[in-house]
Amino acid sequence: MASMRDIKRRRSSIQSTGQITRAMKLVSTVKLQKARGKAECTKAYSDYMYKTMRSILAHSEGIRHPYLQGGESGKKAVIVISSNRGLAGGYNSNVVKLITQGELAEAELELYTVGRKGRDGLARAGYTVRLDSSDISEEPTYADAAALARAALTSFTKGEVGEIWIAYTRFKNTVVHEPRLVKLLPLPKPEAEDGQDLPMNFEAEEESVLEALIPNYLTSLIYGGLLESCASENGARMQAMDSATSNAEDMIEDLTLLYNRARQNSITQELTEIIAGAQAIE
């Protein structure tokens, strides 16, 4: 059995760790509320933007535009959104697994990373990081998403990449966070639904309309992905710190019991020695 001093030192260390994890849980809870509000406000707009673009394509015939055809390059640009900090459970590793264990081959990928954890993990695995924007991970703005969209879209229009994807964590609720890999460009053209096969009339030329809509569409989905990932990160960290705090409390209880037993044994041994010494004197 460990000595009373060792048990007391270990218990004190775990108590200090528990105080840290409890504080981190509170901080993550506050950040989650703020990030969740932004994500929920933006989610409806992003979803309708995606549906609108698919509806335009479904009701249009003969549109020929580089944004819709895909480039000749076999390369794929993937925007990977993770976090700059760890201690968030499987949040970062799940995003990395989308790439390393997903359907896309390593040789054809060029990564646009947001978050040092995802960047470092994928770089160690041998993936090419074309652009790192980890500085926008903490407080992403629409302007940050627009800059990232322009960088990916420029490579797309130049023919350097033939497709644009995004890997992020979809925020469903405080407990459930779903890692997703979504193709952004070229947009798949869906079949028109029954009763919805009327042609769409454009006020201007089709190409000019798409020239204006596609960058906004891409920016909106990237911005939505950034906000949902931010909310998911704080939710995952809150859960991880809550679990760590509970484990620390359980360990403190076990160590307290162990310390009391060791103290009781020590007292019993001292009493036995005193009694034995008294008997020897008699």
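The values are calculated or read from the model by the stated rules, or taken from the named source; none is laboratory data. What you see is a predicted model; the values in this text were computed from it and never measured. With ideal geometry, Cβ positions are generated from the backbone for all residues, glycine too; neighbour counts draw on all protein chains shown.
Annotations for the structure displayed:
- Residue that is in a helix (DSSP H, G or I) and either modelled with pLDDT under 90 or out of contact with any helix residue (DSSP H, G or I) (no Cβ under 7 Å at 6 or more places or on another chain) (or both), where the choices are Glu270, Glu203: Glu270
- For Leu187, the requirement of being among the hydrophobic types (A, V, I, L, M, F, W, C), part of a loop (DSSP other than H, G, I, E, B) and at pLDDT below 80 is met.
- Hey, Gly195 part of a loop (DSSP other than H, G, I, E, B), over 30 Å from Cys41 (Cα atoms) and at pLDDT below 80 or not: yes
- For beta carbons closer than 7 Å, sequence separation of 6+ or different chains, a first residue in the range 224-245 that is among the β-branched types (Val, Ile, Thr) and a second that is crowded, with 24+ Cβ neighbours inside 10 Å and modelled with pLDDT under 95, there are no qualifying pairs.
- Positions within the range 135-161 being within 14 Å of Leu227 (Cα to Cα), hydroxyl-bearing (Ser, Thr, Tyr) and modelled with pLDDT under 90, in sequence order: Ser137
- Boolean, Thr219 is in contact (Cβ under 8 Å) with a residue 12 or more places away in the chain, out of contact with any strand residue (DSSP E or B) (no Cβ under 7 Å at 6 or more places or on another chain) and either more than 30 Å from Ile14 (Cβ to Cβ) or crowded, with 19+ Cβ neighbours inside 10 Å (or both): yes
- Selected residue [in a strand (DSSP E or B), of a type outside the set (D, E, K, R) and either closer than 30 Å to Lys38 by Cα or at pLDDT 90 or above (or both)] from Ile252, Ile222, Ile164: Ile164
- Screening the range 87-112 for residues that are buried (at least 22 other Cβ atoms within 10 Å of the Cβ) and within 12 Å of the chain's Cα centre (by Cα) and picking the one that is modelled with the lowest pLDDT gives Ala88.
For (1) in a helix (DSSP H, G or I); (2) modelled with pLDDT of 90 or more; (3) within 30 Å of Gln15 (Cα to Cα); (4) in contact with a Lys or Arg (Cβ under 7 Å, 6 or more places away or on another chain), each residue gets a yes or a no:
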site: Ala212; (1), (2), (3), (4): yes, no, no, no
site: Arg237; (1), (2), (3), (4): yes, yes, yes, no
site: Ser243; (1), (2), (3), (4): yes, yes, yes, no
site: Leu258; (1), (2), (3), (4): yes, no, yes, no
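Matching residues to (1) over 19 Å from Lys183 (Cβ atoms); (2) in a helix (DSSP H, G or I); (3) free of Cβ contacts under 8 Å to residues at least 24 places away in the same chain:
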position: Val95; (1), (2), (3): no, yes, no
position: Gly102; (1), (2), (3): no, no, no
position: Glu110; (1), (2), (3): no, no, no
position: Arg119; (1), (2), (3): yes, yes, no
position: Tyr127; (1), (2), (3): no, no, no
position: Ala143; (1), (2), (3): yes, yes, yes
position: Ala146; (1), (2), (3): yes, yes, no
position: Ala149; (1), (2), (3): no, yes, no
position: Leu153; (1), (2), (3): no, yes, no
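- Scanning the range 133-147 for residues that are among the acidic types (Asp, Glu) and surrounded by fewer than 16 Cβ atoms within 10 Å (Cβ to Cβ) turns up Asp135, Glu138, Glu139.
- Members of the range 131-170 that are in contact with a Gly (Cβ under 8 Å, 6 or more places away or on another chain) and of a type in the set (Asp, Glu): Glu160, Glu163
- Restricting Arg5, Arg11 to residues that are touching a Phe, Trp or Tyr at 6+ places or on another chain (Cβ under 7 Å), in a helix (DSSP H, G or I), basic (Lys, Arg) and at negative phi narrows the list to Arg11.
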